Amino acid sequence: MRVLGIETSCDETGVAVYDTAAGLRAHALYSQVALHAEYGGVVPELASRDHVRKLLPLIRQTLAEAGLTIDDLDGVAYTAGPGLIGALLVGAGVARALAWAREIPAIGVHHMEGHLLAPLLEDDPPQPPFVALLVSGGHTQLVAVEGIGDYRLLGESLDDAAGEAFDKTAKLMGLPYPGGPELAKLAGQGRPDVYTFARPMTDRPGLDFSFSGLKTQVLLAWQKSDRSAQTRADIARGFEEAVVDTLAIKCQRALEQTGHRTLIVAGGVGANRRLREKLDALARRRGLRVCFPRPAFCTDNGAMIAFAGALRLAAGQREAATVAVQPRWDMASLSPVAP
Ligand code: ATP
Ligand code: MG
Ligand code: FE
C-alpha cells in the first residue's frame, strides 16, 4: 500500500510517500523558518498561507522523486492535530480533496504519534512494548507504548517543553531564532562544570518535568556574567547538561517502573547529540536498547505522518470524508492498531 503523507501542523511543510511493502520511497520538506525569523516566533496566519503556497509543488516534487504519479497512491495520511488550526486545515483540505478525487481512503494522523513512530522508520525497528520519550517544541512526555496506538502517559512537563526551554534560553542570551539548535551548537564549545544548573524535579518521585525555572536560572547567570562569547558557551553547556541529565534520569525511572527494556526517543530535541550520547550510555550500562530517528526525522517531517497513517490504513482504519482537524488532541484517546 502506497501512502502519501502530509504534515502541516506548524511551520514546516512535509510530504512523503511510504510503501508498506518497500518502505519509505521519497520525502521532502520545506521549512518556513526564514519567514518567521523577523517576528522571533511562528505567526499562525503567515504559516497557513505559506503551506497553501508550498504544499502542491512539494507533493509534485515528492511523487516525481518516488517515480510515482497520483494514480499510484492507495491512501493519503495528513496531520489532523495537535497544531495550529489554519495550518492543519491546509493539509487536511488538500489530503481530503486528493483522496476524494482518486477515490482512495484518507486518515487524519496525530502529530505526536507521528513523532513517536519515527524511530520505527530506521533499520531493525524495535517492537513494542517500549517507553517513548517525546521531546519536541511543544511536548515533553514519557509514554508507555504497549502496542501501536496503545499509549499511556507516564509523565509530562508541567510548564515549558524541552525544545521550548532550549529556544527561550537561546533567545534570552541573544541567539537568533530559532535558538534551540544554535544553543546546542554553542554548548559544544562550552567547558563542563563552569556553570551548574539544577536538575528540576529529580529529587522527588514521579515522571513529570518542569523546565521553566531553569530558564530563569540561566537568565540570572547570564545577567551577572561578563557576557563574553566563552561565557555564553559555558552557560549553554551547563544548561544543556542540566536538561539532558534530567531527561535521562526520568527515562531510567520510567524504564524501571514499567519493566520495559526498550526506550525510543522522538521529537526535535531527540536530534541533540549530548542527549543521544547520554541515553546510549544509559542503555549500554543497563543492557537496554535505545532507538532514535535519524536527526532529520526528529523534527517535523512528512515521513512520520506517511508511516503512521500507512499503519492505520493498512489495518483497515478509515474516517468519514470530512475536513476536520483537532488543534488539541490527547494521544491516549487514540485507538490501538490491531497487528
Ligand atoms: P510539537 O511536535 O510538540 O508540536 P514542534 O513540531 O515545533 O512541536 P519539533 O519539530 O519536533 O517540535 O522540534 C522542534 C524543537 O526541537 C525546537 O524547540 C528546537 O529548538 C528543538 N531542537 C531541534 N534540534 C535541537 C538540538 N540539536 N538540540 C536541542 N533542541 C533541538
Ligand atoms: Mg518547526
Ligand atoms: Fe512536531
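From the set of residues in the range 9-53 that are charged (D, E, K, R) and closer than 23 Å to Lys171 by Cα, which is nearest to ligand 3 (Cβ to nearest atom)? Checking each candidate, the answer is Glu12. Cβ separations smaller than 6 Å between residues 6+ apart or across chains give the following pairs from the range 20-47 residues that are farther than 20 Å from Ala64 by Cα to residues that are at pLDDT below 95 and within 16 Å of ligand 1 (Cβ to nearest atom): Ala37/Tyr177; Gly40/Tyr177.
Here the range 135-156 is the region considered, the condition is being within 16 Å of ligand 2 (Cβ to nearest atom) and of a type outside the set (Ser, Thr, Tyr), and the residue that is nearest to Asp300 (Cα to Cα) is Gly137. Listed by position, the strands (runs of 3 or more DSSP E) inside the range 1-67 whose residues that are more than 16 Å from ligand 2 (Cβ to nearest atom) and out of contact with any strand residue (DSSP E or B) (no Cβ under 7 Å at 6 or more places or on another chain) number at least 1 are 23-31.
One residue is enough: does the range 310-333 have a residue meeting the conditions part of a helix (DSSP H, G or I), among the basic types (Lys, Arg) and modelled with pLDDT of 95 or more? Even if it seems obvious, please write down each step before you answer.
Going residue by residue through the range 310-333, those that are part of a helix (DSSP H, G or I) are 310-314, 331-333.
Now restrict to residues that are among the basic types (Lys, Arg): 312.
Checking which are modelled with pLDDT of 95 or more leaves us with 312.
Scanning the range 310-333 turns up at least one residue that is part of a helix (DSSP H, G or I), among the basic types (Lys, Arg) and modelled with pLDDT of 95 or more.
Each row is one residue, and each column tells you yes or no for (1) among the aliphatic types (A, V, I, L, M); (2) within 16 Å of ligand 2 (Cβ to nearest atom); (3) outside the structural domain of Gly23 (by the TED database); (4) closer than 26 Å to Glu113 by Cα.
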{"position": "Lys215", "(1), (2), (3), (4)": "no, no, yes, no"}
{"position": "Leu220", "(1), (2), (3), (4)": "yes, no, yes, no"}
{"position": "Glu256", "(1), (2), (3), (4)": "no, no, yes, yes"}
{"position": "Leu263", "(1), (2), (3), (4)": "yes, no, yes, yes"}
{"position": "Arg276", "(1), (2), (3), (4)": "no, no, yes, yes"}
{"position": "Leu279", "(1), (2), (3), (4)": "yes, no, yes, yes"}
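Name the residues in the range 316-339 that are surrounded by 15 or more Cβ atoms within 10 Å (Cβ to Cβ) and more than 27 Å from Ser31 (Cβ to Cβ), would you? First the steps, then the outcome.
Our first condition is that a residue be surrounded by 15 or more Cβ atoms within 10 Å (Cβ to Cβ); within the range 316-339, this holds for 317, 323, 325-327, 329, 331, 334, 337.
Correct list: Gln317, Leu334, Val337.
Here is the figure for the range 1-60: residues that are buried (at least 23 other Cβ atoms within 10 Å of the Cβ) and more than 26 Å from Glu122 (Cα to Cα) total 2.
Of the set (1) of a type in the set (S, T, N, Q); (2) in a loop (DSSP other than H, G, I, E, B); (3) over 21 Å from the mean Cα position of the chain (by Cα), all apply to Gln257 but (2). The residue that is surrounded by the fewest Cβ atoms within 10 Å (Cβ to Cβ), counting only those in the range 69-118 that are among the hydroxyl-bearing types (Ser, Thr, Tyr) and more than 24 Å from Gly41 (Cβ to Cβ), is Thr69. Listed by first and then second residue, the pairs with beta-carbon distance under 6 Å, at least 6 apart or on different chains, first residue in the range 168-189 and in the same structural domain as Arg274 (by the TED database) and within 14 Å of Glu240 (Cα to Cα), second β-branched (Val, Ile, Thr) and part of a helix (DSSP H, G or I), are Thr169/Val218.
Residue-level analysis places Thr246 among those that are in the same structural domain as Gln217 (by the TED database) and either crowded, with 19+ Cβ neighbours inside 10 Å or under 29 Å from Ile104 (Cβ atoms) (or both).
Just so you know, in the range 256-295 the residues that are within 16 Å of ligand 1 (Cβ to nearest atom) and without any contact (Cβ under 8 Å) to a residue 24 or more places away in the chain include one that is surrounded by the most Cβ atoms within 10 Å (Cβ to Cβ), and it is Arg276.
The values are calculated or read from the model by the stated rules, or taken from the named source; none is laboratory data. Please read all numbers here as calculations on a predicted model, not as lab measurements. All Cβ positions, glycine included, derive from the backbone under ideal geometry; neighbour counts span all protein chains shown.
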